[in-house]
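The values are calculated or read from the model by the stated rules, or taken from the named source; none is laboratory data. Worth saying up front: this structure is predicted, and the values here are computed from it rather than measured. Here the Cβ is made from the backbone with ideal geometry for all residues, glycine too, and neighbour counts use every protein chain on show.
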Amino acid sequence: MLIRKIHHVAYRCRDAKETVDWYGKYLGMKFVLAIAEDRVPSTGELDPYMHIFLDAGQGNILAFFELPTKAPMGRDPNTPAWVQHLALEVDSMDTLLATKARLEADGIEVVGPTDHTLFQSIYFFDPSGHRLELACNTATPEMMRRLDEVKWDMIEEWSRTGRAPQHARWMHDGSYREGGGR
């Protein structure tokens, strides 16, 4: 089997209309579809919902469910807030910085830009509390080649030791700057 693409990724939101408006305003996502049911098709469970779909570009769909009969949304208290997030790619640093300025102008707290060597990114939360990351690629082909060469060694070492392997230390110690990604 070969997966063709992600059909959609779905999250819960607190308010479907607010979500459509927010993602349109700040991320330029077009509202493409709404489905509302009283019963869940896969389980038959009586549970009214609004299911919205947003265009995340290049055939990618970001979807949300508003569930008015359920308890308010929560988070996994054992997972740090920085772990679970949705990262979206933008075309340039200019777009990244303009989006940061637009978010901050409306009082939305933004972290970054953060230099991840392979990309620069900013982080912020949507109205439902989902952490979002906008990323602008900065990797060179040589950087990607070097990472590809060590990926299996890294995962095997991590699996054995539970410690961060040092095969790609150059990404974090600044040496990629001196050697152009070596």
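Taking the criterion of being in a loop (DSSP other than H, G, I, E, B) and either among the acidic types (Asp, Glu) or touching a strand residue (DSSP E or B) at 6+ places or on another chain (Cβ under 9 Å) (or both), the residues of the range 1-27 that qualify are 6, 7, 8, 14, 15.
Between 77, 113, 141, the distinction of being over 21 Å from residue 22 (Cβ atoms) and touching a helix residue (DSSP H, G or I) at 6+ places or on another chain (Cβ under 9 Å) belongs to 113 only. In summary, strands (runs of 3 or more DSSP E) completely within the range 53-135 and bearing 2 or more residues that are touching a residue at least 60 places away in the same chain (Cβ under 8 Å) occur at 85-89. Residue 36 falls short on exactly one of the conditions (1) part of a loop (DSSP other than H, G, I, E, B); (2) among the small types (Gly, Ala, Ser); (3) over 27 Å from residue 106 (Cα atoms), and that condition is (1). Scanning the range 53-86 for residues that are within 15 Å of residue 26 (Cβ to Cβ) and either charged (D, E, K, R) or not assigned by TED's automatic domain parsing to the domain that holds residue 17 (or both) yields 55, 86. Within the range 138-151, is there a residue that is closer than 22 Å to residue 80 by Cβ and surrounded by 14 or more Cβ atoms within 10 Å (Cβ to Cβ)? There is no residue in the range 138-151 that is closer than 22 Å to residue 80 by Cβ and surrounded by 14 or more Cβ atoms within 10 Å (Cβ to Cβ). Does the range 114-131 include one or more residues that are at pLDDT 95 or above, among the basic types (Lys, Arg) and under 22 Å from residue 14 (Cβ atoms)? There is at least one residue in the range 114-131 that is at pLDDT 95 or above, among the basic types (Lys, Arg) and under 22 Å from residue 14 (Cβ atoms).
Rundown of residues vs (1) farther than 20 Å from residue 116 by Cβ; (2) under 22 Å from the mean Cα position of the chain (by Cα); (3) modelled with pLDDT under 95, yes/no style:
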residue: 40; (1), (2), (3): yes, no, yes
residue: 52; (1), (2), (3): yes, yes, no
residue: 55; (1), (2), (3): yes, yes, no
residue: 77; (1), (2), (3): yes, yes, yes
residue: 82; (1), (2), (3): no, yes, yes
residue: 90; (1), (2), (3): no, yes, no
